[in-house]
Amino acid sequence: MTKTIYDSVSTLPYVGEKRLEALHQLGIHTISDLLSHYPTRYEDIQEKDILEIGDQEKVTLKGNVVSEAVISRFGPKKNRLSFRLIIDHAVIAVTFFNQAYLKSKIVTGEEIAVFGKWDAKRKILTGIKILGIRSDSENSDFESVYSANKAIKQSTILKLITEAFKLYQDYIPEVVPPELRIKYRLISHRDAIDAMHFPASEEQKNQARREVIFEEFLLYQMRMQIVRKKQKAMGKGNSINYNVTDLRKFIETLPFELTKAQKRVVNEICSDLRQPIHMHRLLQGDVGSGKTIVAAIALYAATNVGVQSALMVPTEILAEQHMESLSELFDPLEVRIALLTGSTKTKERRIILEQLANGELDVLIGTHALIQEGVFFSHLGLVITDEQHRFGVNQRKLLRDKGKDADVLFMTATPIPRTLAITAYGEMDVSIIDEMPAGRIPVKTTWIKPQNFEKILEFIEFQIRKGSQAYVICPLIEESESIDVKNATDIYEKLTAYYGSRFQVGLLHGKMKSRDKESIMENFKEKKIQVLVSTTVIEVGVNVPNATTMIIYDADRFGLSQLHQLRGRVGRGDKESYCVLVANPKTENGMERMKIMTETTDGFLLSEKDLELRGPGDLFGNKQSGLPNFKIGDIVNDFGALEAARQEASDLINQKDFLSNELYQPLREAIGFDALEGLDFN
Ligand code: ADP
Ligand code: MG
């Protein structure tokens, strides 16, 4: 059998069942995976003049062992291992506490690098760890540090990588085509891999990074472009050939005139709907820009030709709200519409599912309940997801699978920078609503310290007396809904005590029964409740235009985009609105974020800042967000490379000889033949 980089790691010596399992846990299955298990960081082991090292500074010192390691015991289970190192002409003492097992690594006369804390007065290094040095790269000034786990040690990983590189270095494919390698001055992938693991200098490390990042981005962009090209070529998506006059009439019944941006995106979407292609479109629009109505128009178009449609949203509250507003719009039109969520009663659910399968329902609105087993549409033609960033890749796919040829529209209020959207959702078309309905007044935002609690309460009272309502969002404690609930309850009680019988305060959190949530929301909408204390369950989508005040506690715990979403709950009408951030940030970064919030209401600008300050992972919440999880490339810092890779991928995919040219063989192989199958290059 010929050796390839895609061989299993089990072909390496010293990889038994246990080690294989441990490697799998790290996501390493093939030699290629192992070789691209890059160091998470490098420890700089450049020699330093010991006179220049500050007292108690952590450093790595490299020298020759001049005395045998001695172990002395003091007290039960306590021991000290000591030896001497000669560095240039100075001799220093090294001590490790309770690491007697290191003795075998300390060989008189051999060179060793020790990372530890320096005691400048006594010239003693208290060792933290010994850095292994690869035997055949004596000149290396860097020690690679890998992510490891309990079952497999750093040093084992390094050993395996060294071994794999020895055995497979001649089989490392050069995936990036030669012409691009020249154009971008990239070193070979073989050399890059070598230098990633065993860099000899900073310069070499950087060259290596450039190459592996470009390869990673290029592969990703190629796969994206292929998906896109296939989708375009399929051509047998359904055609929703609605009656234009009917649609116009429907738009005329709306309570307001569409903004220019809304008209434009409606045109883009409708043109997709009419054509016999699969629509696969992302609709982006800042909070409050009016996406719901755009969705409603698309849903209407679908019902106009008698195909079913589904609208999936991330929370029950939002589902309820959409149900209410769409029912109102569709009521005179005899559109049959239903709501399906996790708390739909069994009997009602059965009826809905029956009607759905029989084609007696036109529009189904719901939460994740829509993608559960047992939900069958008779002729699903259009799928819309709202707040799409809240859904994982798998959930989106499940929904799409419910209707084979269905058109798909993803709506998102997270104003993903356009550039990033192209990357993250590279296989989609993007429509953007970049304009707010007329008459909106930007929300006035202030930042105050928590000590001024009374002031806030007075401020809320002042606003309510003018006839408006307020939200109070409670501290967000990481990942713990029950603590969130406690915080919310505390604040709720404080406010209730303070306002007494003057106002009604309501409490809303994720642990409540959905019937109770509904009735609280209902009362808030009907102004029976003036102040709504809530956890972040209301973050997405809620629309109560009479609410003009938003108080956010511990605002520094939120990312800019989330704050922007929360703030977007107010300023939805034509009244002056306010957002008060209550926070006492401890970090520069936290203060910076508070300041930016008070300075701009531009969601796109905020999301770009967020990306800068917190990185894409945080912005999108989780790994399932659909954003690619690159091994080494960073979509923010390496954005230039990402863009270049996108452009090159697009050019390559449109090249007639892409499938036949010998030069692209390694690239095709890396993309995978499954992915390439069915591609038409004519
Ligand atoms: P989002 O894009 O955040 O989902 P919504 O669709 O909830 O925003 O719309 C926010 C508010 O703006 C709603 O009250 C909606 O009725 C109103 N709205 C939407 N489009 C217009 C428009 N063209 N003119 C005036 N108000 C509008
Ligand atoms: Mg919305």
From the options ALA298, ALA310, ALA319, ALA302, residue that is closer than 24 Å to VAL244 by Cα, at pLDDT 90 or above and within 16 Å of ligand 1 (Cβ to nearest atom): ALA298
Looking only at region 247-262, count every residue that is among the charged types (D, E, K, R) and within 16 Å of PHE330 (Cα to Cα) and tell me the total. 3
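Just name the residue that is farthest from the chain's Cα centre (by Cα) out of those in region 296-332 that are among the hydroxyl-bearing types (Ser, Thr, Tyr) and crowded, with 21+ Cβ neighbours inside 10 Å.
Residues of region 296-332 among the hydroxyl-bearing types (Ser, Thr, Tyr): 300, 303, 309, 315, 325, 327.
Now narrow it down to the ones that are crowded, with 21+ Cβ neighbours inside 10 Å: 300, 303, 309, 315.
Values: TYR300: 32, THR303: 34, SER309: 28, THR315: 19 Å.
Here the answer is THR303.
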The residue that is surrounded by the most Cβ atoms within 10 Å (Cβ to Cβ), considering only those in region 247-281 that are acidic (Asp, Glu) and either within 16 Å of ligand 2 (Cβ to nearest atom) or without any contact (Cβ under 8 Å) to a residue 12 or more places away in the chain (or both), is GLU257
Evaluate region 241-264: report whether one residue or more is touching a His at 6+ places or on another chain (Cβ under 8 Å) and in a helix (DSSP H, G or I). no
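Restrict the check to region 556-563 and report whether at least one residue is assigned to a strand (DSSP E or B) and either within 16 Å of ligand 2 (Cβ to nearest atom) or surrounded by fewer than 20 Cβ atoms within 10 Å (Cβ to Cβ) (or both).
The first filter runs over region 556-563 and keeps only residues assigned to a strand (DSSP E or B), leaving none.
Looking for residues that are assigned to a strand (DSSP E or B) and either within 16 Å of ligand 2 (Cβ to nearest atom) or surrounded by fewer than 20 Cβ atoms within 10 Å (Cβ to Cβ) (or both), one finds none in region 556-563, hence no.
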For region 538-571, enumerate the residues that are away from ligand 1 (no atom under 16 Å from the Cβ) and among the hydrophobic types (A, V, I, L, M, F, W, C). ILE551, ILE552, ALA555, PHE558, LEU560
So is ALA200 small (Gly, Ala, Ser) and buried (at least 19 other Cβ atoms within 10 Å of the Cβ) or not? no
Check region 59-77 and report whether any residue there is in contact (Cβ under 8 Å) with a residue 12 or more places away in the chain, under 41 Å from the mean Cα position of the chain (by Cα) and closer than 30 Å to ASP7 by Cβ. no
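Report, by residue number, each residue of region 611-650 that is in a loop (DSSP other than H, G, I, E, B) and either more than 20 Å from GLN395 (Cα to Cα) or at pLDDT 80 or above (or both).
Here is the first cut: in region 611-650, the residues in a loop (DSSP other than H, G, I, E, B) are 615, 621-622, 626-638.
GLY615, PHE630, LYS631, ILE632, GLY633, ASP634, ILE635, VAL636, ASN637, ASP638 - these are the residues of region 611-650 that are in a loop (DSSP other than H, G, I, E, B) and either more than 20 Å from GLN395 (Cα to Cα) or at pLDDT 80 or above (or both).
Return the residue satisfying two criteria in turn: it lies in region 494-543 and is on the phi > 0 side of the Ramachandran plot and more than 16 Å from ligand 2 (Cβ to nearest atom), and of such residues it is surrounded by the most Cβ atoms within 10 Å (Cβ to Cβ). Walk me through it before giving the result.
Our first condition is that a residue be on the phi > 0 side of the Ramachandran plot; within region 494-543, this holds for 500, 527, 541.
Then keep just the ones that are more than 16 Å from ligand 2 (Cβ to nearest atom); that gives 500, 527.
Details: GLY500: 7, LYS527: 14.
The residue in question is LYS527.
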For region 389-412 the number of residues that are within 16 Å of ligand 2 (Cβ to nearest atom), farther than 21 Å from ASN267 by Cα and either at pLDDT 70 or above or assigned to a helix (DSSP H, G or I) (or both) is 2
Can you spot a residue in region 433-449 that is modelled with pLDDT under 85, within 16 Å of ligand 2 (Cβ to nearest atom) and either under 25 Å from LEU311 (Cα atoms) or acidic (Asp, Glu) (or both)? no
Kindly provide the set of residues from region 643-675 that are surrounded by 11 or more Cβ atoms within 10 Å (Cβ to Cβ) and basic (Lys, Arg), ordered by number. ARG646, ARG668
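State all residues of region 253-294 that are among the aliphatic types (A, V, I, L, M) and modelled with pLDDT under 90; if no residue qualifies, say none. Walk me through it before giving the result.
Taking region 253-294 and keeping what is among the aliphatic types (A, V, I, L, M), we get 254, 258, 261, 265-266, 269, 273, 277, 279, 282-283, 287, 293-294.
Answer for region 253-294, where residues must be among the aliphatic types (A, V, I, L, M) and modelled with pLDDT under 90: ILE277, MET279, LEU282, VAL287.
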Is there a residue being outside any helix (DSSP H, G or I), within 16 Å of ligand 2 (Cβ to nearest atom), over 25 Å from PHE462 (Cβ atoms) and under 24 Å from the mean Cα position of the chain (by Cα) anywhere in region 589-605? no
Single residue of GLY678, GLY640 found to be on the phi > 0 side of the Ramachandran plot and surrounded by fewer than 12 Cβ atoms within 10 Å (Cβ to Cβ): GLY678
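For region 582-605, check the following and say yes or no: at least one residue is closer than 16 Å to VAL472 by Cβ, at pLDDT below 85, more than 16 Å from ligand 1 (Cβ to nearest atom) and buried (at least 22 other Cβ atoms within 10 Å of the Cβ).
The answer is no, given that none of the residues of region 582-605 is closer than 16 Å to VAL472 by Cβ, at pLDDT below 85, more than 16 Å from ligand 1 (Cβ to nearest atom) and buried (at least 22 other Cβ atoms within 10 Å of the Cβ).
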Assuming ALA261 fulfils every condition listed in (1) in contact with an Asp or Glu (Cβ under 6 Å, 6 or more places away or on another chain); (2) closer than 30 Å to ASP33 by Cβ apart from one, which condition is it? (2)
Restricting the search to region 516-545, which residues are under 22 Å from ILE293 (Cα atoms) and either modelled with pLDDT of 95 or more or among the aliphatic types (A, V, I, L, M) (or both)? MET521, ILE538, VAL540, VAL542, VAL544
Would you be able to say whether some residue in region 554-570 is closer than 17 Å to VAL287 by Cβ, in contact (Cβ under 8 Å) with a residue 24 or more places away in the chain and of a type in the set (D, E, K, R)? yes
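The values are calculated or read from the model by the stated rules, or taken from the named source; none is laboratory data. Keep in mind that this is a model prediction, so the values were computed, not measured. As a convention, Cβ positions derive from the backbone with ideal geometry for all residues, glycine included, and neighbour counts pool all protein chains shown.
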